[in-house]
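Trainee: I'd like to ask some things about the structure below.
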Amino acid sequence: MGMAVTATRSGPRDPGGCASMERLRTIVRGDIDETICRGEEQADHWFRVVTGAARRCSLNAYGRRQIVDFLLPGDAFGFDAPALHECSAEVVCAGTTMARYPRRGLEDLAESDLQVSRCLCDMALDSIARLQTRTLILGHGSALARVSAFLLDWADRCDPGRDSAISLPMSRYDIADYLGIAVETVSRTLTVLRTRHVIALRATRCFTICDREALELATEGGDESSLAN
């Protein structure tokens with residue numbers, strides 16, 4: 001089933017957007033796991049998440065999925081594609097909507113509108129920063145360090161406030177493919193962090209950081225034994 005597209009070329013300005021830029025958009029709605037754009041497709045459009053969450057992924061030489069980015073409202077993608085999209089983009093949770101912009105139209109608008117140019121620059125820099133963060137997370141040697149670094153980064157991105165519950169819209173399979181480890185390892189590591197009272201699992205996809213200092217120490221390396229009882 002294709003994604004439903006609703007024309008919304010006028011209306012309220014979205015947070016972080018530019019009024020003239022938003023007039024070019026169409027809103028795209030998708031179901032869970034539905035593809036927004038596919039790798040190797042013509043990069044005729046850029047996208048920004050409005051509600052919900054999405055993931056960008058590709059298959060490696062061995063046919064295993066690699067997730068390179070998780071996207072939250074305000075996050076944009078497609079700027080890095082000179083001609084073809086290198087990664088597919090897929091819906092992660094129900095209620096996800098995307099703003100889709102014609103690439104040529106935005107490029108032309110940016111040449112004459114400084115506010116649009118700055119907005120596009122900010123979104124592109126945010127995208128680069130997220131990819132740099134993932135590179136740093138994958139630089140951690142142990143599964144414990146990677147999972148801990150991921151939870152800290154996700155908490156900072158969601159910014160729920162101290163002691164607040166943090167939602168994980170993605171599955172543990174998604175987290176595993178983002179961190180480059182097995183899903184069983186993700187589940188086991190989360191259990192270790194929970195039993196050591198570093199985090200509390202409020203639900204399958206919801207957690208609270210109980211001891212941020214211990215979680216930060218866990219990113220510095222070592223294995224499960226490095227956590228205090």
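The values are calculated or read from the model by the stated rules, or taken from the named source; none is laboratory data. If you're wondering where the values come from, they're calculated on a predicted model, not measured in any experiment. Cβ placement follows ideal geometry from the backbone for every residue including glycine, while neighbour counts extend to all protein chains displayed.
Trainee: Quick check on this structure: which one of 153, 126, 113 is in the same structural domain as residue 73 (by TED's automatic domain parsing), among the acidic types (Asp, Glu) and within 19 Å of residue 75 (Cα to Cα)?
Mentor: After ruling out the rest, the residue left standing is 126.
Trainee: Something else now. Out of all the residues in region 203-212, is one or more polar (S, T, N, Q), surrounded by fewer than 17 Cβ atoms within 10 Å (Cβ to Cβ), in contact with a helix residue (DSSP H, G or I) (Cβ under 9 Å, 6 or more places away or on another chain) and assigned to a helix (DSSP H, G or I)?
Mentor: So far as region 203-212 goes, no, none of its residues is polar (S, T, N, Q), surrounded by fewer than 17 Cβ atoms within 10 Å (Cβ to Cβ), in contact with a helix residue (DSSP H, G or I) (Cβ under 9 Å, 6 or more places away or on another chain) and assigned to a helix (DSSP H, G or I).
Trainee: Now for a different question. Can you name every residue in region 11-38 that is farther than 18 Å from residue 115 by Cα and either at pLDDT below 85 or in a strand (DSSP E or B) (or both)?
Mentor: 11, 26, 27, 28, 29, 30, 35, 36, 37
Trainee: Report whether or not residue 41 is at pLDDT 95 or above and either of a type in the set (D, E, K, R) or in contact with a helix residue (DSSP H, G or I) (Cβ under 7 Å, 6 or more places away or on another chain) (or both).
Mentor: No: the conditions fail for residue 41.
Trainee: Turning to a different aspect of this structure: Show the residue pairs meeting these rules: Cβ distance below 6 Å; 6+ apart or different chains; first residue within region 50-75 and of a type in the set (D, E, K, R); second residue in a loop (DSSP other than H, G, I, E, B).
Mentor: 55/92; 56/87
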